[in-house]
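Reviewing the structure listed below.
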Amino acid sequence: MNSVKKITEKIYWIGGSDRRLQRFENIFPIPEGVSYNSYFIDDEKTAVFDTADVTIADQYIENLKEALGGRKLDYLVVLHMEPDHCSQIDKVVALFPDVTVVASKQAFVFMGQFFPESKDFKKIEVKEGDTLSTGEHTFSFVAAPMVHWPEVLFAYDDKDKALLSADAFGTFGALDGGLFADEYDFEKDFLESSRRYYANIVGKYGTQVQAVLKKAQGLDIQMILPLHGPVWRKDLNVLLEKYQCWSTYESETDGVIVVYGSLYGHTASAAEAVAASLRDKGAGDVKVYDVSGTDVSYLIAEVWRAKKIVLLCPTYNGGIYPPMENFLSDMAALSVQNRVFAIGQNGTWAPTSGKLMGDKLAALKNVTVLENVLTIKSALHASDMDALNNFTDAIINA
Ligand code: FEO
């Protein structure tokens with residue numbers, strides 16, 4: 001059954017949701033599923049913006065045929081060449097041999113790499129400022145390099161004031177029947193997934209997101225049509241304000257996350273004591289995470305939310321406990337900035353993880369690493385209470 005949905009008089013959604021994929025990009029768990037959005041323009045000329053992931057290929061092709069209603073496809077516009085959106089290009093070109101593919105110069109290079117067998121089709125190469133008219137609608141292209149790949153374009157439709165925003169403003173999460181964000185309780189249904197998607201997929205590219213947000217300020221945007229998640233036609237500021245915050249690496253809250261690694265429960269126990277002490281001293285927003293039991297993508301999302309991050313880590317093979325090291329590496333890879341870090345270390349004979357974590361954190365931009373390192377020997381003891389108090393005082397006062 002086709003799942004085509006009307007957005008405006010001439011714009012239709014022809015995407016689909018996947019609830020079977022375990023991990024997006026084979027990395028990020030998506031128990032909430034994911035949608036792959038594609039948009040069909042039913043104008044004097046027909047056009048489709050992007051295809052879909054191979055996992056929903058049958059649904060996508062059925063939708064496209066339904067939307068066309070027997071008409072031929074004039075344009076396939078490719079805003080993003082990552083396979084979760086471009087996997088069906090060769091199928092579409094084979095089904096509609098007269099179609100003209102519209103994309104950036106670099107997208108055509110990637111197309112040749114992904115689809116070396118499908119190169120004999122009509123092409124129009126576009127860049128920032130170029131336009132494509134389908135009749136009543138004229139789409140202006142906006143370069144959005146590294147949001148999330150270098151070839152990415154956005155397209156702005158001046159008739160419906162709609163921004164087709166590629167990966168930007170997208171989210172993990174399958175659509176539960178509704179296409180529009182205003183059909184959901186965004187805070188409850190999508191905010192966590194949206195933050196986790198942003199931080200892990202686009203988080204590294206805050207500067208580039210800022211650049212494209214500035215370009216967007218010059219447009220009268222009434223709708224946002226991303227490649228994942230719901231379409232926005234109301235209260236766009238809710239999402240735009242989140243993007244402003246996330247892309248400038250500002251925290252959303254003054255909250256504290258306590259992330260610990262623990263082989264046998266002793267560092268875990270210390271983490272609980274730290275969290276309790278922080279609560280006792282008035283920190284109202286404290287969350288505790290076991291670095292071994294929480295997928296790192298959720299921890300990264302929490303780093304984007306919270307202001308202060310407490311890391312408690314055993315010394316392991318003379319170094320950092322590997323799951324904690326992975327978390328630290330991910331923070332560095334995603335250019336985490338503007339946070340306060342507090343470090344605790346555990347070591348039965350030679351605690352070194354504190355210094356090693358401090359060295360890694362010092363390489364992050366604009367972060368404060370508190371000097372007061374909590375050191376425990378095997379376990380937190382009654383004799384460590386003064387040190388614990390000093391440690392949590394420093395966090396509270398930071
Ligand atoms: Fe949803 Fe960068 O692909």
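The values are calculated or read from the model by the stated rules, or taken from the named source; none is laboratory data. What you are looking at is a predicted structure, and each value in this text was computed from that prediction instead of being measured. So basically every Cβ, Gly included, is an ideal-geometry build from the backbone, and we count neighbours across all protein chains shown. Accessible surface areas use protein heavy atoms only, side chains included; no ligands, DNA or RNA. Shrake-Rupley method; radii C 1.70, N 1.55, O 1.52, S 1.80 Å.
Data overview
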read-out	value
Given (1) over 25 Å from the mean Cα position of the chain (by Cα); (2) closer than 25 Å to LYS214 by Cβ; (3) open to solvent by 30 Å² or more (accessible area, probe 1.4 Å), number of the condition PHE96 does not satisfy	(2)
Check on GLY112, within 23 Å of GLY70 (Cα to Cα) and over 22 Å from the mean Cα position of the chain (by Cα)	no
Single residue of the range 69-93 satisfying the filter (more than 16 Å from the ligand (Cβ to nearest atom) and part of a helix (DSSP H, G or I)) that is farthest from ILE201 (Cα to Cα)	VAL93
Elements of type strands (runs of 3 or more DSSP E) in the range 119-219, at least 2 residues being surrounded by 20 or more Cβ atoms within 10 Å (Cβ to Cβ)	138-143, 153-157, 162-164
Index of the failed condition, LEU263 passing every other in (1) assigned to a loop (DSSP other than H, G, I, E, B); (2) touching a residue at least 60 places away in the same chain (Cβ under 8 Å)	(2)
Residues satisfying the stated conditions in the range 305-351, i.e. open to solvent by less than 30 Å² (accessible area, probe 1.4 Å), of a type in the set (A, V, I, L, M, F, W, C), within 30 Å of GLN208 (Cβ to Cβ) and touching a residue at least 40 places away in the same chain (Cβ under 8 Å)	ALA306, ILE309, LEU311, MET324, PHE327, LEU334, VAL336, VAL340
Whichever residue in the range 283-292 is at pLDDT 95 or above and closer than 15 Å to THR253 by Cα and, among such residues, is surrounded by the fewest Cβ atoms within 10 Å (Cβ to Cβ)	LYS287
The lone exception for LEU239 - which of (1) over 30 Å from ASP182 (Cα atoms); (2) of a type outside the set (D, E, K, R); (3) surrounded by 21 or more Cβ atoms within 10 Å (Cβ to Cβ) it fails	(1)
Every pair of residues 6+ apart whose Cβ atoms lie under 8 Å, when the first sits in the range 98-126 and is free of Cβ contacts under 8 Å to residues at least 24 places away in the same chain while the second is assigned to a helix (DSSP H, G or I) and aromatic (Phe, Trp, Tyr)	LYS123/PHE108; GLU125/PHE108
Residues of the range 42-68 that turn out to be part of a helix (DSSP H, G or I), crowded, with 23+ Cβ neighbours inside 10 Å and without any contact (Cβ under 8 Å) to a residue 60 or more places away in the chain, as a count	3
Qualifying positions in the range 106-118 - within 16 Å of the ligand (Cβ to nearest atom) and open to solvent by 20 Å² or more (accessible area, probe 1.4 Å)	GLN106, PHE110, GLN113, PHE114
Residues of the range 16-41 that turn out to be open to solvent by 10 Å² or more (accessible area, probe 1.4 Å) and either assigned to a loop (DSSP other than H, G, I, E, B) or polar (S, T, N, Q) (or both), as a count	10
Lone unmet requirement of (1) open to solvent by 10 Å² or more (accessible area, probe 1.4 Å); (2) over 21 Å from ALA398 (Cβ atoms); (3) touching a residue at least 60 places away in the same chain (Cβ under 8 Å); (4) not polar (S, T, N, Q) for ALA273	(2)
Considering residues of the range 221-249 that are out of contact with any strand residue (DSSP E or B) (no Cβ under 9 Å at 6 or more places or on another chain) and charged (D, E, K, R) only, the residue nearest to the ligand (Cβ to nearest atom)	LYS242
Residue satisfying condition, being touching a residue at least 40 places away in the same chain (Cβ under 8 Å) and of a type in the set (D, E, K, R), within set ASP182, ASP158, ASP189, ASP176	ASP182
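Residues checked against (1) more than 19 Å from CYS86 (Cβ to Cβ); (2) in contact with a Phe, Trp or Tyr (Cβ under 6 Å, 6 or more places away or on another chain); (3) of a type outside the set (S, T, N, Q):
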{"position": "ASP130", "(1), (2), (3)": "yes, yes, yes"}
{"position": "ALA144", "(1), (2), (3)": "no, yes, yes"}
{"position": "TYR156", "(1), (2), (3)": "yes, no, yes"}
{"position": "LEU164", "(1), (2), (3)": "no, yes, yes"}
{"position": "ASP167", "(1), (2), (3)": "no, no, yes"}
{"position": "ALA174", "(1), (2), (3)": "yes, no, yes"}
